[in-house]
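> What follows is a structure written as structure tokens; I'll ask about it next.
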Amino acid sequence: MTIEGATAVRVFAGLRVLLRRASLAEILMLRHAELRPGLPRASAEFAADAESATRHFGAFVTASSARATSAVGEAVACASFMAEPHAGEAAYQLRGMATRADVARRGIGGALLRLALREVAMHDHARLFWCNARLAAVPFYRQMGWRITSEVFDVPSVGPHRVMTFRVSSAAELRLERDDTLA
């Protein structure tokens, strides 16, 4: 399967990573392992995963340092965007965003999120994005410019969350990092 879209290659603490559009099959195992451990694999599959408007993204190892524990081609971060209205307005919902625990806090998730937002805004003309963020992830999203728009609520078998939103006026607003290499 060929998936069109922007790509970026970055190096994060000795791990060379390709950020790009992905298929669900490429990211589902990571999504399940990081977000639904101990639950059936089906708990990591979402109803809109196969919809034509859904966009999946992944960060994949292309080369690593001798001390890295990642296989070339392995997904280390993922995110999915699904056309889902929010507060009566056309929007894309971010779901299933995860970074593998052993490579978290190196900037991979933030770089993937920036690339994905830009891609969905540019190609799908999305201007409003929203997510149900786990409380532990709220500081990450706030640092990325997202706003909290709800009180804390519980997602059964997952835990406490808050709704967060991100709005752009144009795709040009969304900048990649200076050292991103677009392919």
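The values are calculated or read from the model by the stated rules, or taken from the named source; none is laboratory data. Computed from a prediction, not measured in an experiment: that's the story for all the values here. Note that we place each Cβ from the backbone using ideal geometry, even for glycine, and neighbour counts take in every protein chain shown.
> Kindly list, by first and then second residue, each pair from a residue in the stretch 124-143 that is touching a residue at least 40 places away in the same chain (Cβ under 8 Å) and under 15 Å from residue 86 (Cβ atoms) to a residue that is assigned to a helix (DSSP H, G or I) and of a type in the set (S, T, N, Q), limited to pairs with Cβ atoms under 7 Å and residues at least 6 apart or on different chains.
That search, which allows pairs on different chains as well, returns nothing.
> Are any residues in the stretch 34-45 closer than 15 Å to residue 82 by Cα and buried (at least 17 other Cβ atoms within 10 Å of the Cβ), and if so, which ones? Write out each step before concluding.
To start, the set of residues in the stretch 34-45 that are closer than 15 Å to residue 82 by Cα comprises 44-45.
Correct list: 44 only.
> What number goes with the only condition from (1) surrounded by 21 or more Cβ atoms within 10 Å (Cβ to Cβ); (2) in contact with a helix residue (DSSP H, G or I) (Cβ under 6 Å, 6 or more places away or on another chain) that residue 27 does not pass?
The single condition residue 27 does not satisfy is (2).
Table: residues versus (1) modelled with pLDDT under 95; (2) under 29 Å from residue 16 (Cβ atoms).
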{"position": "95", "(1), (2)": "no, yes"}
{"position": "113", "(1), (2)": "no, yes"}
{"position": "118", "(1), (2)": "yes, yes"}
{"position": "128", "(1), (2)": "no, no"}
{"position": "140", "(1), (2)": "no, yes"}
{"position": "158", "(1), (2)": "yes, no"}
{"position": "169", "(1), (2)": "yes, no"}
{"position": "174", "(1), (2)": "yes, yes"}
{"position": "181", "(1), (2)": "yes, yes"}
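> Return only the number of the condition from (1) in contact with a Ser or Thr (Cβ under 7 Å, 6 or more places away or on another chain); (2) modelled with pLDDT of 95 or more; (3) crowded, with 21+ Cβ neighbours inside 10 Å that residue 8 does not satisfy.
With (1) in contact with a Ser or Thr (Cβ under 7 Å, 6 or more places away or on another chain); (2) modelled with pLDDT of 95 or more; (3) crowded, with 21+ Cβ neighbours inside 10 Å applied to residue 8, the lone miss is (2).
> Something else about it: Would you please list the contacts, defined by Cβ atoms under 7 Å and residues six or more apart or on different chains, that run from a residue in the stretch 22-39 that is touching a residue at least 60 places away in the same chain (Cβ under 8 Å) to a residue that is among the charged types (D, E, K, R) and buried (at least 17 other Cβ atoms within 10 Å of the Cβ)?
30/100; 34/100
> For the list (1) out of contact with any Gly (no Cβ under 9 Å at 6 or more places or on another chain); (2) buried (at least 17 other Cβ atoms within 10 Å of the Cβ), I need the number of the one condition that residue 104 fails.
With respect to (1) out of contact with any Gly (no Cβ under 9 Å at 6 or more places or on another chain); (2) buried (at least 17 other Cβ atoms within 10 Å of the Cβ), residue 104 is out only on (2).
> State yes or no: is residue 79 closer than 26 Å to residue 13 by Cα and either in contact with a Pro (Cβ under 7 Å, 6 or more places away or on another chain) or assigned to a strand (DSSP E or B) (or both)?
On the way: closer than 26 Å to residue 13 by Cα: yes; either in contact with a Pro (Cβ under 7 Å, 6 or more places away or on another chain) or assigned to a strand (DSSP E or B) (or both): yes.
Here the answer is yes, as residue 79 does meet what is asked.
> What number of residues within the stretch 11-60 satisfy the criterion of being in contact with a Leu (Cβ under 7 Å, 6 or more places away or on another chain) and assigned to a strand (DSSP E or B)?
5
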